[in-house]
Amino acid sequence: SWPSWSGRTEAKMDSIERKLAERRERHIDFLKQLVSLNSSVIDMGRRGNELCAQELIESTLSSVGADIDRFEPDNDAMRGHPEYNPGHSYEGRPNIVGIIKGAGGGRSLMINAHADVVPAGAEGWLCPPYEPRIIDGRLYGRGACDMKAGGAAALMALETLHECGIKLAGDVIFESVVDEEGGGNGTLACCLKGYKADAAVIPEPTGLSIMPAHMGWLFYRITFSGKPIHCAFKWKGVNAVDKCLDFMCRMREVERNWAISKRHPYLPPPTLCFTVIHGGDSSSTVPEKCVLDMSLHFHPCETENGRIGSRIDAQLRDEIARFVGSDPWLSANPPQIECFQQGNAYDIGEDHPIVTCVRGCLESCTGRRPEIQGLASGADARLLTNFADTPTVLCGPGSIDNAHSINEYVPVDEYLAAVHMFCKLFTEWCGTAE
């Protein structure tokens with residue numbers, strides 16, 4: 001029901017493209033400046049250093065005429081929400097929301113980008129991780145890929161439109177959030193403050209593919225008990241590590257069965273991954289206890305009645321019950337199961353108008369038809385789609401394969417293509433004032 005803006009903006013795109021060529025070095029320098037700021041999270045997001053990056057982003061948004069809402073996520077307001085991650089401090093860790101009001105009559109668009117990065121370490125880098133450098137067309141540095149290039153591309157697109165004197169018809173809401181790497185409380189806080197739009201783009205590194213869906217996750221901690229005794233007489237005891245290993249073998253069978261029976265058009269099958277294991281406390285003693293952390297990633301269809309992953313969680317627990325029932329010791333001493341973190345999946349479908357619009361803008365700017373894929377991990381798109389009534393698509397420069405890695409990088413040409421794409425997306429989706 002929305003009008004097509006292509007005819008109105010085609011002539012303006014010529015001036016935008018000239019400005020993009022003229023300001024190429026400015027756009028690269030801005031990304032370098034952003035990557036040089038150590039905005040890492042600490043202890044899985046319980047604390048963080050995002051302020052330095054947020055101040056740069058805030059000043060850039062102000063310079064293009066955005067009204068700024070700067071606020072720290074409120075733990076009391078988020079407590080009790082199914083996606084809330086407790087135990088995180090937000091003192092000195094503000095979200096920055098910039099609102100650029102449109103002239104009216106157009107669709108609103110939200111950009112959601114996280115300012116935080118994972119810790120860098122120091123060994124093995126081609127350059128110091130916070131001294132970004134371009135080598136063979138790649139800009140290296142912590143956060144270059146995940147996801148400062150994506151956020152910078154959208155910001156530089158807004159700056160380009162501002163410099164060209166182009167007024168959008170619809171509103172733009174730019175959310176620069178903290179603590180995405182710690183689970184998403186920054187975006188959750190924005191949702192609870194009531195920010196929403198007709199659609200959103202999160203410029204996570206997708207290699208400029210379009211991702212209208214991502215997996216959900218459940219993290220479990222499973223504790224097995226045994227019967228300790230001197231290891232020389234192990235047959236008189238019960239080895240908790242052995243019980244855990246038997247369980248892991250059974251879970252691999254479950255995962256293989258799911259790979260056959262659970263399919264999605266652009267997401268991988270559900271996965272089970274063993275991530276942490278602790279067992280035993282003496283080399284000469286049969287272990288009395290073994291604790292296993294395990295992740296489960298699942299499809300959007302597994303959530304029922306608002307209970308995150310409830311269908312596949314019930315199936316997993318049934319499989320565990322059958323495994324326990326087949327073992328006399330475990331039947332009498334069942335393992336303790338705790339689900340200690342969860343995040344929902346989402347899927348807006350590849351035919352949603354925002355997907356179609358982003359795809360058309362990318363094809364116009366790059367000359368290629370971008371692929372539709374799904375993200376095998378999680379992202380904040382679930383929060384915007386499921387709790388802020390804002391259909392969201394993931395699309396940004398860089399490859400998820402080198403996110404969090406040593407020598408993280410983004411191809412410079414891909415970053416600049418993303419700036420171009422966002423210029424076109426803002427004008428196509430929001431429309432321009434006459």
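With springs only between Cα atoms under 10 Å apart, run a GNM on the chain and tell me which of 35, 276, 410 wobbles the most.
276
Set Lys and Arg Cβ to +1 and Asp and Glu Cβ to -1, take the dipole of the chain about its Cα centre, and tell me which of 57, 336, 419 lies farthest positive.
336
Once you have a ≥ b ≥ c as the square roots of the Cα gyration tensor eigenvalues for segment 1-110, tell me rounded if a/c is under 1.5, and otherwise prolate or oblate according to whether a/b is larger than b/c.
Since a/c reaches 1.5 but b/c is at least a/b, the shape of segment 1-110 is classed as oblate.
Using the Kyte-Doolittle scale, which helices in the chain average at least -0.5 and also have C-alpha atoms spread 30 Å or more along the helix axis, with helices defined as whole DSSP H runs?
240-261
Name the trypsin sites (Lys or Arg not before Pro) in segment 77-124 that are in a loop by DSSP and that have at most 10 other C-beta atoms within 10 Å, would you?
79
So what's the net charge close to residue 379: Lys and Arg +1, Asp and Glu -1, counting the other residues with Cβ under 9 Å from its Cβ?
Residues near residue 379 contribute -2 overall.
Please state the charge dipole magnitude for segment 1-123, taken about the Cα centre, from unit charges on C-beta atoms (+1 on K and R, -1 on D and E), reported in debye and rounded to the nearest 20.
On the way: 15 positive and 19 negative charges, 107 e Å.
That gives a dipole near 520 debye.
Sum up the charges of everything whose Cβ sits under 9 Å from the Cβ of residue 64, counting Lys and Arg as +1 and Asp and Glu as -1, but leave residue 64 out.
-2
Considering only protein heavy atoms, what per residue accessible area in square angstrom results for the chain with a 1.4 angstrom probe?
41 Å²
Using a Gaussian network model on the chain with a 10 Å cutoff between Cα atoms, which of 73, 128, 94 fluctuates the most?
Maximum among the listed residues: 128.
Report in % the part of the accessible area of the chain that belongs to carbon and sulfur, leaving out ligands and nucleic acids; probe 1.4 Å.
Here carbon and sulfur together make up 49 percent of the probe-accessible area.
Over the chain, calculate the relative contact order: mean separation of alpha carbon pairs under 8 Å at least 6 apart, over the residue count, as a percent. All intermediate terms of the calculation are to be shown ahead of the outcome.
On the way: 962 pairs, mean separation 108.1, N = 434.
For the chain, the relative contact order is 25 percent.
Treat every Asp and Glu Cβ in the chain as -1 and every Lys and Arg Cβ as +1, leave all other atoms uncharged, and give the resulting dipole magnitude about the Cα centre to the nearest 20 debye.
So the magnitude is around 700 debye.
Using only the alpha carbons, work out the radius of gyration and Dmax of segment 286-405 in angstrom.
20.2, 65
In sequence order, what are the phi-derived ³J(HN,Hα) couplings for segment 279-294 according to the Karplus relation 6.51 cos²θ - 1.76 cosθ + 1.60 with θ = phi - 60°, rounded to whole Hz, with x for glycine and proline?
x, x, 9, 8, 5, 9, 10, 4, x, 8, 8, 9, 10, 10, 9, 9
Taking the Cα centre of segment 326-376 as origin, sum charge times position over the Cβ atoms of Lys and Arg (+1) and Asp and Glu (-1), and report the length of that vector in debye to the nearest 20.
So the dipole magnitude of segment 326-376 works out to roughly 260 debye.
Using the eigenvalues of the Cα gyration tensor, what equivalent ellipsoid semi-axes result for segment 113-235 when each is taken as the square root of five times the eigenvalue, whole Å, largest first?
Those come to 41, 24, 12 Å.
Based on DSSP H runs of at least 4 residues, each adding -39500 (n - 2.57), what is the mean residue ellipticity at 222 nm of the chain after dividing by all its residues, to the nearest 500 deg cm²/dmol? It would help to have the intermediate numbers written out before the result.
Working: 12 runs with 147 residues, N = 434.
Computed ellipticity for the chain at 222 nm equals -10500 deg cm²/dmol.
So how much accessible area does residue 231 have, in Å² to the nearest 10, using a 1.4 Å probe?
Looks like 60 Å² after rounding.
Tell me the net charge near residue 197. Cut-off is 13 Å between Cβ atoms, residue 197 excluded, with +1 for each Lys or Arg and -1 for each Asp or Glu. Before the final figure, lay out the partial values.
Numbers: positive: 101, 107, 196; negative: 171, 175, 198, 389.
Surrounding charge for residue 197 is -1.
Running a GNM on the chain with Cα contacts under 10 Å, which residue among 299, 420, 404 ends up with the highest mean-square fluctuation?
404
Which of 301, 165, 365 sits closest to the plus end of the dipole of the chain, meaning its Cα is farthest towards the positive end, when Lys and Arg get +1 and Asp and Glu get -1 on the C-beta?
Looking along the dipole axis, the top candidate is 301.
Can you give the relative contact order of segment 258-368 as a percent, counting alpha carbon pairs under 8 Å and 6+ residues apart?
The normalised contact order for segment 258-368 reaches 17 percent.
Tell me the relative contact order for segment 242-309 as a rounded percent, counting alpha carbon contacts under 8 Å between residues six or more apart.
Numbers: 68 pairs, mean separation 17.8, N = 68.
Answer for segment 242-309 is 26 percent.
How would 320, 68 rank on accessible area, largest to smallest, probe 1.4 Å?
Putting 320, 68 in descending order of accessible area: 68, 320.
Which of (1) 58; (2) 25; (3) 37 is the computed percent of Cα pairs over 34 Å apart for the structure on display?
Answer label, from the structure shown: (3).
Hand me the tally of lysine pairs in segment 59-213: alpha carbons under 22 angstrom apart, and the pair either on different chains or 8 or more positions apart. Present the calculation step by step, with values, prior to reporting the outcome.
Working: 101/167; 101/193; 101/196; 167/196.
Number of lysine pairs found: 4.
The values are calculated or read from the model by the stated rules, or taken from the named source; none is laboratory data. These numbers were taken from a predicted model, which means no experiment stands behind them. All Cβ positions, glycine included, derive from the backbone under ideal geometry; neighbour counts span all protein chains shown. Note: accessible area is taken over every heavy atom of the protein model, side chains too, but ligands, DNA and RNA are not part of it. Shrake-Rupley method; radii C 1.70, N 1.55, O 1.52, S 1.80 Å.
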